[in-house]
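Input: a single structure, listed below in structure tokens.
Bear in mind these aren't lab numbers, they're just calculated from the coordinates by the rules spelled out. Bear in mind the structure is a predicted one, so any value in this text is a computation, not a measurement. Here the Cβ positions follow ideal geometry from the backbone for every residue, glycine too, while neighbour counts run over all protein chains shown.
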Amino acid sequence: MQANTISASAPYRSPDFHPLDPPTAEEITIATHTLRTWFAENGVKAFKFITVFLKEPPKAAVLAWLQWPTVSKPQPLERVFEVHAIDLLTGLAYEAYVRLDGDRPKVKKVTQLDAGIQPSLTPEELCNAEQCVRKDPRVIKLAAEVGIKPENISADGWSIGWDKRFGNKRVQQCLLYARFGKDENLYAHPMDFFPIIDMNGTGEVIAIDFPPHRTAKDGSLSSKTRLEPTEVTFDDPKDRERIPPPLEPHEYLPDLGKFEMRKDIKPLHVVQPEGVGFVRKGNMLEWGKFKVHVGFHPREGIVLSGISYKDSDLPGHSLSNPLERPLFYRISLSEMVVPYGDPAHPHYRKFAFDVGEYGLGYLANPLKLGCDCLGSIEYLDGVFAKHDGSVEVVKNAICIHEEDTGLLWKHTDFREGGRAHAVRGRKLVISMVCTVANYEYGIYWNFYMDGNIECEIKLTGILNLYVLGQGEDPAGFGTQVAPRINAHYHQHLFSLRIDPHVDGQLNSVVEQNIHCLDAPTGSEENWAGNGFTTSRTVYKTAKEAVSDANADTERSWAFINESNKHYASGKPAAYKIVCKDLPKLYCKPDSYVARRAPFAKHHFWTIPYDDERIYPAGKYVPQTYEAPADSIENWANEDAPIANADIVSYLTFGTTHIPRPEDFPVMPVDTVKCTLKPYHFFRRNPTLDVPSVKDQKSVAANAAASSSQDSQTGAGGESCCKL
């Protein structure tokens with residue numbers, strides 16, 4: 001093997017090496033040390049590292065390594081890391097590529113980015129925001145005017161989103177709250193002004209914004225406070241009185257809230273006495289008939305790649321000799337945007353890109369056994385770079401376990417002497433939980449025994465809250481969830497990037513609509529008036545594939561392999577997108593949100609595959625005024641052919657959240673999901689070989705809780721029950 005290619009037997013790699021493995025702590029340290037040396041030799045004297053992540057090898061190289069069917073010309077594999085850093089003296093950002101698999105580490109390329117282009121915010125910057133505002137004399141004075149001491153000031157640092165007053169500075173807007181005790185719910189005490197800080201250099205406060213309040217009877221704002229400001233100002237508000245934060249505590253922690261806890265909840269355990277049903281080797285997982293590589297990315301969080309299914313129900317194949325059928329090359333949450341609905345300044349700046357501005361991996365929780373996940377668990381750690389080039393390790397960032405899913409399928413022959421046969425299902429769950437300031441996202445990738453693959457997102461945490469004046473009404477843009485505490489209306493719109501490889505690299509996308517027959521009732525074609533059917537359209541070009549949901553026709557999309565037809569239906573092998581959580585973007589098409597997050601304008605996009613095209617709002621998202629050239633709207637506008645091609649699709653799904661008092665002080669989980677479902681892919685129900693079992697641990701509800709009944713579960717094929 002040539003020296004410029006990576007080998008699975010390279011001395012610093014595990015035998016379980018995969019070319020898409022995320023960087024190890026050692027590799028991150030080597031990469032930052034190598035770039036630090038380059039900076040010293042090239043006159044960059046003071047800098048901070050922002051992120052280090054795998055520069056994924058060309059798809060053609062990975063496909064050859066996987067031995068998947070491909071039409072691409074094989075390419076050599078290299079172990080390269082992309083590094084983003086900022087010069088603290090000039091404010092300019094750098095994009096560097098460091099190769100680690102040669103004879104010695106090597107800087108392949110360094111690009112100085114144009115002024116104003118900002119890499120993602122870091123956890124260190126978000127945490128430093130609070131210390132910066134607490135020591136600013138203007139902030140201290142304004143807080144004192146409403147009775148708050150410096151030590152009681154808390155801040156959530158946010159990307160500023162859209163504000164042209166600060167030129168090319170790297171800034172954060174700080175949403176302020178008061179906190180009077182350790183672990184207290186600070187969001188119960190929102191404050192009435194927003195400092196803005198310079199994140200490079202000293203972290204000084206460079207402006208303070210005062211949101212207007214709707215004190216008029218009609219809830220209106222003055223034109224002065226409605227318009228975008230053009231000048232940096234620290235002035236106290238001239239058009240309203242200062243508004244102190246509400247002081248009533250609203251706790252969610254049991255010890256602080258002094259709740260009387262329920263006593264009617266009995267223990268419920270998940271037990272697997274014979275161990276788990278999956279096998280993990282490094283970042284590779286095999287579960288049932290699925291194979292999948294699990295990556296950790298500081299930006300996208302969990303990245304799934306190389307997903308395949310071992311099909312044993314094809315002619316010439318069996319359980320001992322299945323055919324490995326590729327399904328998807330790569331799937332991830334490539335972006336999301338959270339637009340808020342209040343049009344007043346500066347609330348319209350609150351439309352966070354929780355992937356591109358903050359990074360789901362950066363914000364991953366260390367998961368706790370028996371709390372976040374139940375049962376027999378395996379974990380993967382997450383690692384990312386800190387400002388000084390050292391490594392932060394998130395222990396147990398990714399949880400892997402199995403869950404019972406209830407009935408998989410059942411049929412009862414109701415005739416005398418007939419049998420009932422019931423089969424229970426289970427799923428493999430690959431999950432993480434990310435805390436983005438006030439909000440939590442539980443991200444669950446579920447693999448089911450019937451071939452379904454599901455992205456499930458559970459939204460919880462605490463609402464973004466702002467203070468109301470005495471007697472002020474939210475005026476149709478929020479809900480007063482507690483006295484003088486306003487939760488603004490908002491949306492969560494996720495962009496799911498799907499790179500299909502259904503039985504091969506060349507796939508197409510088909511749109512399906514269901515409609516009633518045009519022929520009138522009483523006609524020869526539709527005599528009873530009951531006729532309905534489907535229409536199917538294979539997209540030919542990227543422009544044609546820009547599509548939106550249609551509830552009237554139950555519009556759906558599927559990835560098909562036109563060269564592989566089902567033996568009975570004659571339809572091409574496919575994986576269909578099944579998703580009911582498809583809200584529209586309620587911001588105007590020319591709004592700041594739509595211009596920066598063009599993926600949210602439509603539910604579905606498909607473009608030709610390109611190694612460099614991953615992020616639908618661009619690689620560098622913070623402080624953009626328009627989506628850059630490398631974003632989905634421009635890619636689709638090229639109108640390239642996408643039929644029977646190497647393609648990638650983006651699905652926009654999510655939820656519109658109109659808050660309710662029941663979401664306060666902490667929000668019960670709300671769930672959105674998208675499923676990739678086999679259609680004409682298997683010869684028949686692929687779970688006929690799943691045994692029907694009777695759980696010996698299940699007892700009648702009135703049985704003694706201390707029963708010593710054997711906990712073993714049978715594994716035979718006999719029916720669970722008979723008639």
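General observations
- Peptide packing for 302-311, 398-407, 479-488 was compared via the average number of neighbouring C-beta atoms within 10 Å per residue; ordered from the highest value, the list is 302-311, 479-488, 398-407.
- Only DSSP H runs of four or more residues enter the estimate; each adds -39500 (n - 2.57), and after division by the residues of the chain the mean residue ellipticity at 222 nm equals -2500 deg cm²/dmol.
- All lysines inside 16 Å of residue 73 as judged from Cα atoms, apart from same-chain residues fewer than 8 positions distant: 59
- Anisotropy class of the range 517-575 from Cα gyration tensor, a/c 1.5 cut: oblate
- Each Cα pair under 8 Å and six or more residues apart adds its separation to the average, and for the range 25-112 the resulting relative contact order is 30 percent.
- When you restrict to C-alpha pairs under 8 Å that are six or more residues apart and normalise by the size of the chain, the relative contact order lands at 12 percent.
- Electrostatic tally near residue 608: other residues with Cβ closer than 9 Å to its Cβ, Lys and Arg +1, Asp and Glu -1, net -2.
- Burial order of peptide ranges 135-141, 253-259 (average beta-carbon count within 10 Å, highest first): 135-141, 253-259
- Under 13 Å, Cβ to Cβ, from residue 193 - net charge with Lys/Arg +1 and Asp/Glu -1: -3
- Dividing the radius of gyration of the alpha carbons in the range 163-285 by their Kirkwood radius gives 1.21 for Rg/Rh.
- Near-label residues of the range 386-402 by backbone N, under 14 Å of a point 7 Å along Cα→Cβ of residue 252: none
- About the Cα centre, charge dipole magnitude for the chain (Lys/Arg +1, Asp/Glu -1 at Cβ), debye: 600
- Distance violations [Cα-Cα > 28 Å] among 291/697; 169/386; 395/580; 543/588; 543/580: 291/697; 395/580
- Tensor-based shape of the range 330-450 (alpha-carbon gyration tensor, a/c under 1.5 rounded, otherwise prolate or oblate): oblate
- Shape analysis of the range 230-318 based on the Cα gyration tensor places the equivalent ellipsoid semi-axes at 53, 30, 11 Å, largest first.
- Cα-only radius of gyration and Dmax that characterise the range 25-112, units Å: 15.2, 50
- Simple label model, 7 Å out from Cα along Cβ direction - residue 145 to residue 233, nm: 1.2
- Placing a label point 7 Å from the Cα of residue 372 along the Cα-to-Cβ line, the residues of the range 123-163 whose backbone N sits under 17 Å from it are 123.
- Just so you know, the Rg over Rh for the range 404-500 is 1.25, from Cα atoms, with Rh as the Kirkwood radius.
- Formal net charge of residues neighbouring residue 667 (Cβ-Cβ distance under 10 Å; K, R +1; D, E -1): -3
- Potential lengthening of the chain between residue 46 and residue 409 amounts to 124.4 nm, from the contour at 0.36 nm per residue minus the alpha-carbon distance.
- Space enclosed by the convex hull of the alpha-carbon atoms of the chain, per residue, Å³: 211
- Of the DSSP H helices in the chain, those with a Cα length along their own long axis of 15 Å or more and a mean Kyte-Doolittle hydropathy reaching -0.5 comprise 25-41.
- Positive-end ranking of 160, 180, 230 along the dipole of the range 123-256, with charges on Cβ about the Cα centre, is headed by 230.
- Diffusion constant of the range 625-664 at 25 °C, which comes from Stokes-Einstein with the Kirkwood Cα-pair radius and 0.890 mPa s, µm²/s: 175
- Global geometry of the range 455-525, whether rounded, prolate or oblate, following the gyration tensor of its Cα atoms and the 1.5 cut on a/c: oblate
- Amide N proximity, the range 85-111 versus residue 38 label position 7 Å along Cα-to-Cβ, cut-off under 11 Å: 85, 94-100, 106-111
- Per-residue packing, averaged as other Cβ atoms within 10 Å, sorts the ranges 23-34, 108-119, 524-535 into the order 23-34, 108-119, 524-535, beginning with the highest.
- Amide H contacts of residue 461: 440, 667, each under 5 Å away and 5 or more positions distant or on a separate chain (H built 1.01 Å from N in the peptide plane; Pro and chain starts excluded).
- Just so you know, the Cα atoms of the range 39-164 work out to an Rg and Dmax of 21.7, 69 Å.
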